[in-house]
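Engineer: Below are the structure tokens for one structure; questions will follow.
What follows draws every value from the coordinates through simple rules; no lab data is involved. What you see is a predicted model; the values in this text were computed from it and never measured. We place every Cβ from the backbone using ideal geometry, glycine too, and count neighbours over all the protein chains shown.
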């Protein structure tokens, strides 16, 4: 890991087109601005991890699961919760 | 561009889905007659598919706000031509939908991306129920 020291207002370049700027440091909270091209998505790490896990879990369901779901959708009454 | 075998328009990911960086092209295949369920199937790897659904029948109040950056990434000319699909996890006991990160497809440019609705507090796993 590359470790750098930066002051508020200073930036770091990643490749040719990603600019990470330290906007403000207050105690243990650092505000960071990121400029990146459209095809580079920027997420908080915990959001990215959660999304990646959710996608992996959703990927390639078994034929049985797909069949069960389509059957459920084709029978609206059974798919809806009972009225209370 | 059309895949000759499936005769389905190929959708290009403007940004790959998190966890699937190598999968850039998909087709959308309808799985039930009413159009409630679709398979989002990888061209690069036919073994990879996601179940996706339009949110309206299941989550009538769901109205994701799409930011201008997404329009730009998808080359969107007409926002009314955007298709919103939620990714479904079909489980044994419970089926959930990812409301935090829908897949947005531009029907004209045939480009798509999974958009994270930052700051929305929407769930990644919302239990699916049919709302009608």
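Engineer: Find the relative contact order for chain B and round it to a whole percent, using C-alpha pairs within less than 8 Å whose residues are 6+ positions apart. Working shown, then result.
Structural biologist: Numbers: 257 pairs, mean separation 28.4, N = 132.
In percent, rounded to a whole number, it is 22.
Engineer: At 7 Å along Cα-to-Cβ for each site, give me the label-to-label distance between residue B:107 and residue B:56 in nm.
Structural biologist: The answer from the label model is 1.0 nm.
Engineer: If you take every DSSP beta bridge fully contained in chain B, what fraction is antiparallel? Give it as a percent rounded to 5.
Structural biologist: Percent antiparallel among DSSP bridges in chain B is about 95.
Engineer: Per DSSP H run of n ≥ 4, the term is -39500 (n - 2.57); total these for chain B, divide by its residue number, and report the mean residue ellipticity at 222 nm rounded to 500 deg cm²/dmol.
Structural biologist: It comes out at -1000 deg cm²/dmol, rounded to the nearest 500.
Engineer: Tell me whether the range B:35-98 comes out rounded, prolate or oblate; compute the Cα gyration tensor, take square roots of the eigenvalues as a ≥ b ≥ c, and use a/c under 1.5 as the rounded threshold.
Structural biologist: The shape class here is oblate.
Engineer: Right, next: With n ≥ 4 as the cut-off for DSSP H runs, can you work out [θ] at 222 nm for chain A, using -39500 (n - 2.57) per run divided by the number of residues, rounded to the nearest 500?
Structural biologist: -10500 deg cm²/dmol
Engineer: Under a point spin-label approximation (7 Å from Cα along Cα-to-Cβ), what is the residue A:67-residue B:93 distance to one decimal in nm?
Structural biologist: In this crude label model, residue A:67 to residue B:93 measures out at 2.3 nm.
Engineer: If you don't mind, another one. Under a plain spin-label model, where a point goes 7 Å from the Cα along Cα-to-Cβ, how far apart in nm are residue B:66 and residue B:29?
Structural biologist: Using points 7 Å along Cα→Cβ, the separation is 2.5 nm.
Engineer: Continuing with the same structure: Stretch residue A:35-residue A:1 to full length: gain in nm at 0.36 nm per residue minus the Cα-Cα span?
Structural biologist: Length gained, residue A:35 through residue A:1: 10.1 nm.
Engineer: Another question about this same structure. Given a Förster radius of 41 Å and the C-beta distance between residue B:80 and residue A:26 as r, what FRET efficiency does 1/(1 + (r/R0)^6) yield to the nearest 0.05? Present the calculation step by step, with values, prior to reporting the outcome.
Structural biologist: On the way: r = 43 Å, r/R0 = 1.05.
That pair, residue B:80 with residue A:26, gives E of 0.40.
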